[in-house]
Amino acid sequence: MSASAATHDDHHDDHHDDHGPAKGFMRWVYTTNHKDIGTLYMITSLIMFMIGGAMALVIRLELFEPGMQYVDPGFFNQMTTLHALIMVFGAVMPAFAGMANWMIPIMIGAPDMALPRLNNWSFWLLPFGFVMLASTLFMEGGAPAAGWTLYPPLVLQTGDSFPFTIFTIHILGISSIMAAINIITTVLNMRAPGMTMMKLPLFVWTWVITAFLLIAVMPVFAGAVTMLLTDKYFGTSFFNAAGGGDPVLYQHLFWFFGHPEVYILILPSFGIISQIIPTFARKPLFGYSSMVYATASIGLLSFVVWAHHQYTVGMPIAGELYFTYATMLIAVPTGVKVFNWISTMWRGSMTFETPMLFAIAFVMLFTMGGFTGLMMSISPADLQYHDTYFIVAHFHYVLVPGSVFALMAGTYYWLPKWTGYMYDERLGKLHFWLTTISVNVTFFPQHFLGLAGMPRRIPDYAVQFAEFNAWSSVGAFVFGFSQLLFIYIIIKAVRGGQKATDEVWEGASEHGLEWQLPSPPPYHSWITAPFVK
Amino acid sequence: MTNPHTKDNTIARSNRRIIVIIVLVALGMFGLGFAVVPLYNVFCEVTGLSGKIRAEAAIEKPQGVDESREVTMEFVTALNQDTPLNFRVETPKLKIHPGQYYTVRFHAENLTDQVVTARAIPSVAPGTATQFLEKVECFCFSEQRFEPHQHRVLPVRFVIDAALPAEIRDITLSYTFFDISNKQQNSSTR
């Protein structure tokens, strides 16, 4: 992929000086610039990542030893619930949306997102949503404590914070849907001449599919939580057995949203990894079109496997068999992707800068998380794993060394492009090793805890689980404090350092349009669309 | 590209079309979430998947009794949260023949000095047996009113259809009493 249009930045300043960023704080409030909004999203995400992480450390502190030490069980449950809600909706999703805002227009040769004002709105809803969610901690009865899945009837016992939680979900849902509308419209209408759909960088492709998933499932979730709201306050009986409703229906609705949601959290990671590995292997991506089709199949299959989260609610044998086989089928396109990444590295001239280290760790550790997922797709086996630490280990392996590692990889990969300065490679590698070792120390023992029967979401445990829990807590604290280093590295790169070249990484200009712009790119980039051969 | 304004207009129109389609899809999915509620109930009643039983009385009609087959019926009583009743069954376990009518007596007693209105929700396990269980008489068909400290006998008359699949040898019928004294009778969603 190469662009024939010369970069036009040299004379940019003469022509467009009136279009530069406004000054002061209001620049960020009024901005419709995709780069500004991308930055806002990512800063918000980093803040939420630290808050959600602090909550995780409260959980791990309490679980360091058997017995009740630091927090009461109610607060513990609030922490598990908020940790999940904040990490899913506050850290991972906004981070991907931020990267999409920054990179998609640059990658497809567009001057901005298609709907810049909508873009501003979809970001600025988030801070209000999270302030509302955080305020529940100070309410009568505390924050929601029924788990992020908000299952009735338990969730209906939430105190004053209940409607605030529901409205937070509505707001975040509207924000995500608007971001999805923007991304789809941008990719369909704003591509540079010659940039056909099958030439799109994979990060863009995976985001388009993610956006379709968001549009299809966020409204279902919004509907389900609205029913919870009317059940609690308006006397309806959607999920109330006494009035003829069925709590299990909520689980079906939730997981019809929830399973595509977990792919919303991972598909953009696949895209980021598919950008990084070819750059550092100095080879084009192996099997580009199979990657596109695999991502699309994962997206489609995600709609028909939801009940594998509910094997224990009682299902006829035919249902259990169907959901088992359909779930296992997802391993096929996922396997295609893993093998393509490995084939891309095969006989490549690899170098191991920090983004590549995170990408390789992603491939290995995400695959492990995928395999434990396969174990749990087998319904008779899942009855043993259900609601134990095994599932906790599984989804943290796909979300932390999965989504979060991809985000860190993407941050290191594009940070020189965003800031114009190279990050400190030595510190980056230190951050990588601290993070990778501690993430495994944290979550690997949880597999054994789960297989031995330790239930999730319980603040106390039997003494035989003490050692693995102690390891896990130590790992979690090392992991948590290592992320301060990540923030330090980012701030350091923003403030200055070695100037980054336009292509940043050797040979990267062959791997995408973003590397043909200067580092940092001008405030308005690709005003003249490049021509993609 | 010769006339950039035409191109801008085309893009603007195309943008609008995409937005309209996506917003309609999003609204449709929101509506689908609600449409699923009655569909789910119908689906569960037809297939018996959730173990829910039709809350209507069947008409007692003599049918062929399969003397050669014995099925174990188990009866479970439960109270939701703080429902102030004492609720039990006379015969927790009963060996029955498919096709024959049986009556089982449940006992419920109001433990308070106030009137308690309660509703019993039945559930059958395994769910696939649901459609073969017919009840002629059941206290679960309507709300039950208990005067202060009143003790009442609540009979259930039922039959298991002889067409019950051979692999089902045990059926559990459970009733959960929900206290609905404080709630006016709300129209249920079904």
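The values are calculated or read from the model by the stated rules, or taken from the named source; none is laboratory data. All values derive from a computational prediction rather than experimental measurement. Heads up, the Cβs are rebuilt from the backbone with ideal geometry, glycines too, and the neighbour counts pull from every protein chain shown.
If the requirement is being within 14 Å of chain B (Cβ to nearest Cβ), of a type in the set (Phe, Trp, Tyr) and assigned to a helix (DSSP H, G or I), which of these qualifies: A:PHE270, A:PHE280, A:PHE254?
From the options A:PHE270, A:PHE280, A:PHE254, the qualifying one is A:PHE254.
Take the residues of segment B:108-120 that are part of a loop (DSSP other than H, G, I, E, B) and of a type in the set (A, V, I, L, M, F, W, C): which is farthest from the other protein chains (Cβ to nearest Cβ)?
B:LEU111
I need every pair where a residue in segment A:161-174 that is closer than 18 Å to A:PHE123 by Cβ has its Cβ under 8 Å from the Cβ of a residue that is of a type in the set (Phe, Trp, Tyr), sequence separation at least 6 or different chains.
Partner pairs satisfying both residue conditions: A:THR168/A:PHE130; A:ILE169/A:PHE89; A:ILE169/A:PHE221; A:ILE171/A:PHE128; A:LEU172/A:PHE89; A:GLY173/A:PHE221.
Quick one: count up the residues across segment A:283-328 that are of a type in the set (A, V, I, L, M), assigned to a loop (DSSP other than H, G, I, E, B) and touching a Phe, Trp or Tyr at 6+ places or on another chain (Cβ under 8 Å). Working first, answer last.
From segment A:283-328, those of a type in the set (A, V, I, L, M) are A:285, A:291-292, A:294, A:296, A:298, A:300-301, A:304-305, A:307, A:313, A:315, A:317-318, A:321, A:326, A:328; that's our starting set.
Going one step further and asking which of them are assigned to a loop (DSSP other than H, G, I, E, B), we end up with A:285, A:305, A:315.
This time we only want the ones that are touching a Phe, Trp or Tyr at 6+ places or on another chain (Cβ under 8 Å), so: A:305, A:315.
Count: 2.
For segment A:503-514, indicate whether the set of residues that are touching a Phe, Trp or Tyr at 6+ places or on another chain (Cβ under 8 Å), among the charged types (D, E, K, R), closer than 27 Å to A:PHE49 by Cα and crowded, with 17+ Cβ neighbours inside 10 Å is non-empty.
Yes, segment A:503-514 contains at least one residue that is touching a Phe, Trp or Tyr at 6+ places or on another chain (Cβ under 8 Å), among the charged types (D, E, K, R), closer than 27 Å to A:PHE49 by Cα and crowded, with 17+ Cβ neighbours inside 10 Å.
Tell me which of these A:PRO201 doesn't satisfy, since it passes every other one: (1) touching a helix residue (DSSP H, G or I) at 6+ places or on another chain (Cβ under 9 Å); (2) away from every other protein chain (no Cβ under 12 Å); (3) surrounded by fewer than 22 Cβ atoms within 10 Å (Cβ to Cβ).
(3)
Determine whether A:TYR461 is buried (at least 16 other Cβ atoms within 10 Å of the Cβ) and either not in a loop (DSSP other than H, G, I, E, B) or not aliphatic (A, V, I, L, M) (or both). So that I can check it myself, show each step before the final result.
Details: buried (at least 16 other Cβ atoms within 10 Å of the Cβ): yes; either not in a loop (DSSP other than H, G, I, E, B) or not aliphatic (A, V, I, L, M) (or both): yes.
In short, yes.
Condition check: in contact with a Lys or Arg (Cβ under 7 Å, 6 or more places away or on another chain), on the phi > 0 side of the Ramachandran plot, surrounded by fewer than 24 Cβ atoms within 10 Å (Cβ to Cβ) and touching a residue at least 60 places away in the same chain (Cβ under 8 Å). Does A:GLY194 satisfy that?
Yes: the conditions hold for A:GLY194.
Look at segment A:245-284 and say how many of its residues are of a type outside the set (Lys, Arg), surrounded by fewer than 22 Cβ atoms within 10 Å (Cβ to Cβ) and farther than 23 Å from A:ALA224 by Cα.
1
Please find, within segment A:444-462, the residue that is farthest from A:ALA146 (Cα to Cα) out of those that are charged (D, E, K, R) and under 27 Å from the mean Cα position of the chain (by Cα). Lay out the reasoning, then the answer.
Residues of segment A:444-462 charged (D, E, K, R): A:456-457, A:460.
Those still in the list that are under 27 Å from the mean Cα position of the chain (by Cα) too: A:456-457.
Values: A:ARG456: 12, A:ARG457: 9 Å.
The residue in question is A:ARG456.
What are the residues in segment A:231-253 that are over 19 Å from A:GLU320 (Cβ atoms) and either under 27 Å from the mean Cα position of the chain (by Cα) or among the aromatic types (Phe, Trp, Tyr) (or both), if any?
A:TYR233, A:PHE234, A:PHE238, A:PHE239, A:TYR250, A:LEU253
What pairs can you find where one residue is in segment A:215-244 and more than 7 Å from chain B (Cβ to nearest Cβ) and surrounded by fewer than 23 Cβ atoms within 10 Å (Cβ to Cβ), the other is outside any helix (DSSP H, G or I) and of a type outside the set (Phe, Trp, Tyr), and their Cβ atoms are less than 6 Å apart, with a gap of 6+ or different chains?
A:THR230/A:THR236
The conditions are (1) part of a helix (DSSP H, G or I); (2) surrounded by fewer than 22 Cβ atoms within 10 Å (Cβ to Cβ), and A:SER349 fails exactly one of them. Which is it?
For A:SER349, the failing item is (1).
Quick check, is B:SER188 within 14 Å of chain A (Cβ to nearest Cβ) and modelled with pLDDT under 85? Even if it seems obvious, please write down each step before you answer.
Working: within 14 Å of chain A (Cβ to nearest Cβ): yes; modelled with pLDDT under 85: yes.
Considered against the rule, which asks whether it is within 14 Å of chain A (Cβ to nearest Cβ) and modelled with pLDDT under 85, B:SER188 comes out as yes.
For the structure I just gave you, tell me whether A:ILE360 is crowded, with 19+ Cβ neighbours inside 10 Å, modelled with pLDDT of 95 or more, aliphatic (A, V, I, L, M) and in a helix (DSSP H, G or I).
Details: crowded, with 19+ Cβ neighbours inside 10 Å: yes; modelled with pLDDT of 95 or more: yes; aliphatic (A, V, I, L, M): yes; in a helix (DSSP H, G or I): yes.
For A:ILE360, the condition - crowded, with 19+ Cβ neighbours inside 10 Å, modelled with pLDDT of 95 or more, aliphatic (A, V, I, L, M) and in a helix (DSSP H, G or I) - is met.
Hey, any hits in segment B:169-178 for a residue that's more than 17 Å from the chain's Cα centre (by Cα), more than 12 Å from B:ALA108 (Cβ to Cβ) and at pLDDT 85 or above?
Our first condition is that a residue be more than 17 Å from the chain's Cα centre (by Cα); within segment B:169-178, this holds for B:169-170.
Keeping just the survivors that are more than 12 Å from B:ALA108 (Cβ to Cβ) gives B:169-170.
Now drop any that are not at pLDDT 85 or above, which leaves B:169-170.
Scanning segment B:169-178 turns up at least one residue that is more than 17 Å from the chain's Cα centre (by Cα), more than 12 Å from B:ALA108 (Cβ to Cβ) and at pLDDT 85 or above.
Suppose the filter is over 25 Å from A:SER274 (Cβ atoms), within 14 Å of chain B (Cβ to nearest Cβ) and either in contact with a Gly (Cβ under 8 Å, 6 or more places away or on another chain) or without any contact (Cβ under 8 Å) to a residue 40 or more places away in the chain (or both); does A:MET178 pass it?
no
What's the number of the only condition in (1) at the interface with chain B (Cβ under 10 Å from one of its Cβ atoms); (2) in contact with a Phe, Trp or Tyr (Cβ under 7 Å, 6 or more places away or on another chain) that A:TYR151 fails to meet?
All conditions pass for A:TYR151, except number (1).
Identify the residue in segment A:477-493 that is closer than 24 Å to A:THR81 by Cβ and in contact with a Gly (Cβ under 9 Å, 6 or more places away or on another chain) and, among all such residues, is surrounded by the fewest Cβ atoms within 10 Å (Cβ to Cβ).
A:GLY480
Considering A:GLY90, A:GLY74, which residue is more than 14 Å from chain B (Cβ to nearest Cβ), surrounded by fewer than 24 Cβ atoms within 10 Å (Cβ to Cβ) and not polar (S, T, N, Q)?
A:GLY74 is the lone residue from the list that is more than 14 Å from chain B (Cβ to nearest Cβ), surrounded by fewer than 24 Cβ atoms within 10 Å (Cβ to Cβ) and not polar (S, T, N, Q).
Could you figure out which of (1) under 21 Å from the mean Cα position of the chain (by Cα); (2) of a type in the set (Val, Ile, Thr); (3) within 23 Å of A:ALA95 (Cα to Cα) isn't true of A:THR372?
Exception for A:THR372: condition (3).
When you go through B:SER174, B:SER123, B:SER181 one by one, which is the residue that is assigned to a loop (DSSP other than H, G, I, E, B), within 14 Å of chain A (Cβ to nearest Cβ) and on the phi < 0 side of the Ramachandran plot?
B:SER181
Can you find, within segment B:111-122, the residue that is farthest from B:SER181 (Cα to Cα) among those that are touching a Lys or Arg at 6+ places or on another chain (Cβ under 9 Å) and surrounded by fewer than 21 Cβ atoms within 10 Å (Cβ to Cβ)? Before you say what the answer is, go through the steps one by one.
Within segment B:111-122, the subset touching a Lys or Arg at 6+ places or on another chain (Cβ under 9 Å) is B:115-118, B:121-122.
Imposing the further condition that a residue be surrounded by fewer than 21 Cβ atoms within 10 Å (Cβ to Cβ) reduces the set to B:115, B:117.
Details: B:VAL115: 8, B:THR117: 5 Å.
Applying the filter and picking the extreme gives B:VAL115.
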